[in-house]
1. Roll a 1.4 angstrom probe over the protein heavy atoms and tell me the percent of accessible area of the chain that is carbon or sulfur.
2. Output the 0 to 90 degree angle, nearest 10, between the alpha-carbon long axis of helix 21-35 and the longest principal axis computed from the alpha carbons of the chain.
3. As a test, work out the antiparallel percent of DSSP beta bridges whose residues both lie in the chain, rounded to the nearest 5.
4. Can you work out the accessible area per residue across the range 23-90, with the rest of the protein chains kept in place, probe 1.4 Å, in square angstrom?
5. Using the per-residue mean of other Cβ atoms lying within 10 Å as a proxy for protection, in what order, highest first, do the peptides 62-70, 141-149, 14-22, 42-50 fall?
6. How high is the relative contact order of the chain? Use alpha-carbon pairs under 8 Å, at least six apart in sequence, and give a whole percent.
7. For a distance above 23 Å, tell me the whole-number percent of Cα pairs in the range 67-156 that qualify.
8. Kindly give the semi-axes, whole Å and largest first, of the ellipsoid equivalent to the range 1-88, taking each as the square root of 5 times a Cα gyration tensor eigenvalue.
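The values are calculated or read from the model by the stated rules, or taken from the named source; none is laboratory data. Owing to the predicted nature of the structure, the values given are computational and were not obtained by experimental measurement. When we count neighbours, we look across all protein chains shown, and the Cβ atoms used for this are built from the backbone with ideal geometry, even at glycine. Accessible surface is based on the protein model in full, side chains and every heavy atom, while ligands, DNA and RNA are left aside. Shrake-Rupley method; radii C 1.70, N 1.55, O 1.52, S 1.80 Å.
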Amino acid sequence: AVHQLRDLGVVLYTFADFATVEDALDNIARIGAITGDEQRAQAPIDESYRRYGKIAFRIAGRQRPTVLLWDDWGTTVGPGSSAHDIIELAGGRNVAAEHGITGWQTIDAEAVIRMNPDVIITPYDPAFAERLKNDPVLASVKAVQDGRVYFVDHAVPATCIPCSDAPGPSSSITWFLS
(Lines give C-alpha, C1' and ligand atoms only; values in the text may rest on other atoms or scores of the structure.)
Protein backbone atom coordinates (compact mmCIF):
# COMPACT_ATOMS: atom_id res chain seq x y z
CA ALA A 1 0.00 0.00 0.00
CA VAL A 2 2.83 2.41 0.82
CA HIS A 3 4.46 1.81 -2.56
CA GLN A 4 1.15 2.35 -4.33
CA LEU A 5 0.63 5.68 -2.58
CA ARG A 6 4.17 6.79 -3.41
CA ASP A 7 3.65 5.71 -7.03
CA LEU A 8 0.64 8.05 -7.08
CA GLY A 9 2.86 10.92 -5.91
CA VAL A 10 1.52 11.02 -2.36
CA VAL A 11 4.20 12.22 0.06
CA LEU A 12 4.38 9.96 3.10
CA TYR A 13 6.13 10.52 6.41
CA THR A 14 7.22 7.83 8.83
CA PHE A 15 7.17 8.21 12.58
CA ALA A 16 9.05 5.30 14.11
CA ASP A 17 9.88 6.51 17.60
CA PHE A 18 7.09 6.53 20.16
CA ALA A 19 8.77 4.98 23.20
CA THR A 20 9.65 7.99 25.36
CA VAL A 21 8.21 11.35 26.30
CA GLU A 22 11.05 12.97 24.33
CA ASP A 23 10.00 10.91 21.29
CA ALA A 24 6.46 12.27 21.59
CA LEU A 25 7.73 15.84 21.81
CA ASP A 26 10.08 15.31 18.85
CA ASN A 27 7.18 13.92 16.81
CA ILE A 28 5.09 17.01 17.60
CA ALA A 29 7.95 19.23 16.40
CA ARG A 30 8.33 17.09 13.29
CA ILE A 31 4.64 17.43 12.46
CA GLY A 32 5.03 21.20 12.81
CA ALA A 33 7.96 21.16 10.40
CA ILE A 34 6.11 18.96 7.91
CA THR A 35 3.01 21.14 7.97
CA GLY A 36 4.92 24.41 8.02
CA ASP A 37 3.34 25.34 11.35
CA GLU A 38 6.34 25.10 13.67
CA GLN A 39 5.03 27.81 15.98
CA ARG A 40 1.74 26.00 16.60
CA ALA A 41 3.58 22.72 17.17
CA GLN A 42 5.97 24.40 19.59
CA ALA A 43 3.13 25.47 21.92
CA PRO A 44 2.42 22.01 23.44
CA ILE A 45 6.16 21.33 23.63
CA ASP A 46 6.70 24.56 25.56
CA GLU A 47 3.71 23.70 27.75
CA SER A 48 5.26 20.33 28.52
CA TYR A 49 8.49 21.90 29.67
CA ARG A 50 6.59 24.57 31.63
CA ARG A 51 4.62 21.92 33.48
CA TYR A 52 7.73 19.86 34.14
CA GLY A 53 9.43 23.00 35.48
CA LYS A 54 6.55 23.56 37.90
CA ILE A 55 6.75 19.96 39.08
CA ALA A 56 10.54 20.12 39.40
CA PHE A 57 10.27 23.31 41.48
CA ARG A 58 7.59 21.76 43.70
CA ILE A 59 9.59 18.60 44.40
CA ALA A 60 13.06 20.18 44.63
CA GLY A 61 14.85 19.05 47.76
CA ARG A 62 12.30 16.36 48.59
CA GLN A 63 13.20 12.73 48.94
CA ARG A 64 12.01 11.00 45.78
CA PRO A 65 9.93 7.91 46.51
CA THR A 66 10.64 4.66 44.71
CA VAL A 67 7.83 3.82 42.29
CA LEU A 68 6.97 0.56 40.57
CA LEU A 69 4.61 0.43 37.64
CA TRP A 70 3.26 -3.13 37.61
CA ASP A 71 0.38 -4.25 35.45
CA ASP A 72 -1.99 -7.20 35.64
CA TRP A 73 0.10 -9.02 33.03
CA GLY A 74 2.99 -9.00 35.48
CA THR A 75 5.07 -6.54 33.49
CA THR A 76 6.95 -3.47 34.60
CA VAL A 77 8.99 -0.90 32.77
CA GLY A 78 12.40 0.71 32.81
CA PRO A 79 14.26 3.34 30.79
CA GLY A 80 13.34 3.70 27.13
CA SER A 81 9.63 4.09 27.76
CA SER A 82 7.23 6.95 28.34
CA ALA A 83 6.01 5.31 31.56
CA HIS A 84 9.54 5.42 32.99
CA ASP A 85 9.90 9.04 31.88
CA ILE A 86 6.59 10.02 33.48
CA ILE A 87 7.56 8.43 36.81
CA GLU A 88 10.86 10.31 36.78
CA LEU A 89 9.36 13.61 35.58
CA ALA A 90 6.69 13.39 38.27
CA GLY A 91 9.32 13.16 40.98
CA GLY A 92 9.62 9.42 41.57
CA ARG A 93 12.52 7.05 41.18
CA ASN A 94 11.68 4.10 38.99
CA VAL A 95 12.64 1.20 41.24
CA ALA A 96 12.48 -1.26 38.33
CA ALA A 97 15.20 0.74 36.56
CA GLU A 98 17.28 0.68 39.75
CA HIS A 99 17.04 -3.12 39.59
CA GLY A 100 18.28 -3.31 36.00
CA ILE A 101 14.94 -3.44 34.16
CA THR A 102 14.97 -1.78 30.73
CA GLY A 103 11.99 -1.52 28.41
CA TRP A 104 9.04 -3.75 29.31
CA GLN A 105 9.82 -6.93 31.26
CA THR A 106 7.85 -9.48 33.23
CA ILE A 107 8.46 -9.70 36.97
CA ASP A 108 6.88 -11.76 39.73
CA ALA A 109 5.82 -11.05 43.31
CA GLU A 110 9.26 -12.06 44.60
CA ALA A 111 10.83 -9.32 42.49
CA VAL A 112 8.30 -6.81 43.83
CA ILE A 113 9.19 -7.86 47.38
CA ARG A 114 12.92 -7.44 46.64
CA MET A 115 12.33 -4.02 45.06
CA ASN A 116 10.13 -2.96 48.01
CA PRO A 117 8.75 0.19 46.34
CA ASP A 118 7.28 3.13 48.24
CA VAL A 119 4.51 3.40 45.63
CA ILE A 120 2.98 0.88 43.21
CA ILE A 121 1.05 2.12 40.20
CA THR A 122 -1.02 -0.11 37.97
CA PRO A 123 -2.30 1.32 34.69
CA TYR A 124 -4.96 -1.06 33.40
CA ASP A 125 -7.33 -2.35 36.04
CA PRO A 126 -8.52 -0.73 39.28
CA ALA A 127 -9.48 -4.19 40.57
CA PHE A 128 -5.83 -5.28 40.19
CA ALA A 129 -4.74 -2.40 42.43
CA GLU A 130 -7.25 -3.59 45.05
CA ARG A 131 -5.97 -7.18 44.77
CA LEU A 132 -2.41 -5.96 45.32
CA LYS A 133 -3.45 -4.03 48.43
CA ASN A 134 -4.93 -7.18 49.92
CA ASP A 135 -2.41 -9.77 48.70
CA PRO A 136 -0.85 -11.49 51.74
CA VAL A 137 2.24 -12.33 49.65
CA LEU A 138 2.89 -8.59 49.25
CA ALA A 139 2.10 -7.67 52.86
CA SER A 140 5.77 -6.86 53.60
CA VAL A 141 6.05 -4.39 50.68
CA LYS A 142 6.23 -0.77 51.87
CA ALA A 143 3.70 0.49 49.27
CA VAL A 144 1.17 -2.12 50.43
CA GLN A 145 1.82 -1.45 54.12
CA ASP A 146 1.41 2.30 53.61
CA GLY A 147 -1.67 1.99 51.35
CA ARG A 148 0.16 3.56 48.41
CA VAL A 149 -1.01 1.24 45.65
CA TYR A 150 -2.84 3.21 42.96
CA PHE A 151 -4.64 2.74 39.67
CA VAL A 152 -3.66 5.40 37.12
CA ASP A 153 -5.70 5.09 33.93
CA HIS A 154 -3.41 4.34 30.99
CA ALA A 155 -6.15 5.43 28.58
CA VAL A 156 -5.34 9.05 29.39
CA PRO A 157 -2.54 9.62 26.89
CA ALA A 158 1.04 9.89 28.06
CA THR A 159 1.20 12.94 25.85
CA CYS A 160 -0.89 14.53 28.58
CA ILE A 161 2.37 16.05 29.83
CA PRO A 162 2.12 18.71 27.13
CA CYS A 163 -1.66 19.09 27.47
CA SER A 164 -2.72 22.27 29.19
CA ASP A 165 -4.62 21.25 32.32
CA ALA A 166 -5.91 17.83 31.37
CA PRO A 167 -5.70 15.14 34.03
CA GLY A 168 -3.36 12.36 33.13
CA PRO A 169 -0.50 10.16 34.18
CA SER A 170 1.99 12.91 34.98
CA SER A 171 -0.42 14.95 37.09
CA SER A 172 -1.92 11.87 38.75
CA ILE A 173 1.45 10.36 39.55
CA THR A 174 2.71 13.70 40.89
CA TRP A 175 -0.31 13.82 43.18
CA PHE A 176 0.30 10.27 44.45
CA LEU A 177 3.96 10.98 45.10
CA SER A 178 3.33 14.11 47.11
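1. On the way: 5490 of 9850 Å².
Heavy-atom surface of the chain belonging to carbon and sulfur, 1.4 Å probe: 56 percent.
2. So the helix axis and the longest Cα principal axis differ by about 10 degrees.
3. Working: 3 of 11 bridges.
Looking only at bridges with both residues in the chain, the antiparallel portion is about 25 percent.
4. Values: 3640 Å² over 68 residues.
Value for the range 23-90: 54 Å² per residue.
5. Top to bottom by mean Cβ count within 10 Å: 62-70, 141-149, 42-50, 14-22.
6. On the way: 274 pairs, mean separation 37.2, N = 178.
Relative contact order comes out at 21 percent.
7. Details: 452 of 4005 pairs.
Pairs farther apart than 23 Å: 11 percent.
8. On the way: eigenvalues 229, 88, 8 Å².
Values for the range 1-88, descending: 34, 21, 6 Å.
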